[in-house]
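A.B. asks: Okay, handing you the structure first.
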Amino acid sequence: MIYVDESGDHSLTNINPQFPMFVLSFCVFPINDYISTVVPQVQAMKFEFFGHDMVILHEREIRKSAPPFDILLNEGVREAFMERMNGIIETSRFGIVACVIDKARFRDRRGGHVNPYHVALEFGLERVFLQLQQRGQAHRTARVVFESRGAREDRDLELEFRRIMDTTRMRGMRETLAFHCAPKSANSSGLQIADMTARPIGIHVMRPAQVNRAWDLIRTKLVRSRSGEIEGYGLKIYP
């Protein structure tokens, strides 16, 4: 299973100077590990801190301690929560492929009519497929799950996904990757973990010298070349 989430928006007209990036993160989970390890750990964490499993983990709300994460205003609770969340990510078996787009430079190079989401999507899908192919999973259906953003947006995304599948030169990709859109209310553990990974990657690209504990953890999950390189393999920075 592949769970996908983004950080930042893909608008090229109103670029936020605080975060002028668009990041798309693809988290690739072996299904058996996801079922047996990831989901139970996420559910257990929710019961431990909230007393139920209906809460949906969202990076922005956690970062700002916004309800229902206002419990994190207590520094001790926040430290314990983040340690638990980081532990789940660290010990879970999954890989990450991410694309980071500097929107101002992208607009200068490609113009304002090209959608950065679509560019990031194509790179991510190709790199994910290469990983599946290397592991002998080509031609075995792998669902790519996106969080629903509205009926029109979901339809446009599916059309772009199918365009990529129809035009790719990568033999077997169209028969391997399948599109799926899930509402936030589905409370998917995979989508929530993907949401945790996107922004720290963008922050690292913006300010690589800044201390970034989340990046230090996430980088261990990024796909690498045989010689250990991340850029161009698990991380695409464009342009």
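A.B. asks: Among the trypsin sites (Lys or Arg not before Pro) within the stretch 109-171, which fall in a DSSP loop and have no more than 13 other Cβ atoms within 10 Å of their own Cβ?
C.D. replies: When the trypsin sites (Lys or Arg not before Pro) of the stretch 109-171 are filtered for loop state and at most 13 Cβ neighbours within 10 Å, Arg135, Arg140, Arg169, Arg171 remain.
A.B. asks: Remind me, relative contact order of the chain in percent, using alpha carbon pairs under 8 angstrom and six or more residues apart?
C.D. replies: It comes to 32 percent, rounded to a whole number.
A.B. asks: As an exercise, take the mean of 1/r over every pair of distinct alpha carbons in the chain, invert it, and state the Kirkwood radius in angstroms.
C.D. replies: 18.5 Å
A.B. asks: Still on this structure, I have one more. Which ³J(HN,Hα) values in Hz, rounded to whole numbers, follow from the phi angles of the stretch 129-146 under the Karplus curve 6.51 cos²θ - 1.76 cosθ + 1.60, where θ = phi - 60° and Gly and Pro get x?
C.D. replies: Coupling constants for the stretch 129-146: 4, 4, 5, 5, 4, 5, 9, x, 9, 4, 6, 10, 4, 10, 7, 9, 9, 10 Hz.
A.B. asks: How high is the relative contact order of the stretch 1-136? Use alpha-carbon pairs under 8 Å, at least six apart in sequence, and give a whole percent.
C.D. replies: 35 percent
A.B. asks: Note the direction-averaged projected area, equal to a quarter of the hull surface, for the Cα convex hull of the stretch 58-114, in nm².
C.D. replies: Mean projected area for the stretch 58-114: 6.3 nm², to one decimal.
A.B. asks: Here is a further query. Could you give each residue of the stretch 21-38 its phi-based ³J(HN,Hα) in whole Hz, using Karplus coefficients 6.51, -1.76, 1.60 with θ = phi - 60°, and x for Gly or Pro?
C.D. replies: So the Karplus estimates, Gly and Pro as x, are 10, 10, 10, 10, 10, 10, 9, 9, 10, x, 4, 4, 5, 4, 5, 7, 10, 5 Hz.
A.B. asks: Now for a different question. Cross-link candidates for Lys236: which aspartates and glutamates have Cα within less than 13 Å, leaving aside residues fewer than 8 places away along the same chain?
C.D. replies: By straight Cα distance, Lys236 reaches Asp102, Glu122, Glu126.
A.B. asks: Taking only the alpha-carbon positions of the stretch 2-89 and ignoring solvent, what does the Debye formula give for the base-10 log of I(q)/I(0) at q = 0.15 Å⁻¹?
C.D. replies: Debye intensities relative to I(0), on a log10 scale: -0.73.
A.B. asks: Pick from Gln137, Gln41, Gln192 the residue whose mean-square fluctuation is largest in a GNM of the chain, springs joining Cα atoms under 10 Å.
C.D. replies: Maximum fluctuation in the GNM of the chain, among the listed residues, is at Gln137.
A.B. asks: Run the helix sum for the chain: -39,500 (n - 2.57) per DSSP H stretch of 4+ residues, divided by residue count, reported at 222 nm to the nearest 500 deg cm²/dmol.
C.D. replies: Per the formula, -14000 deg cm²/dmol.
Every number in this text was worked out from the coordinates using simple rules, so none of it is lab data. Here the structure is a predicted model, which means the values were calculated and not measured. So basically every Cβ, Gly included, is an ideal-geometry build from the backbone, and we count neighbours across all protein chains shown.
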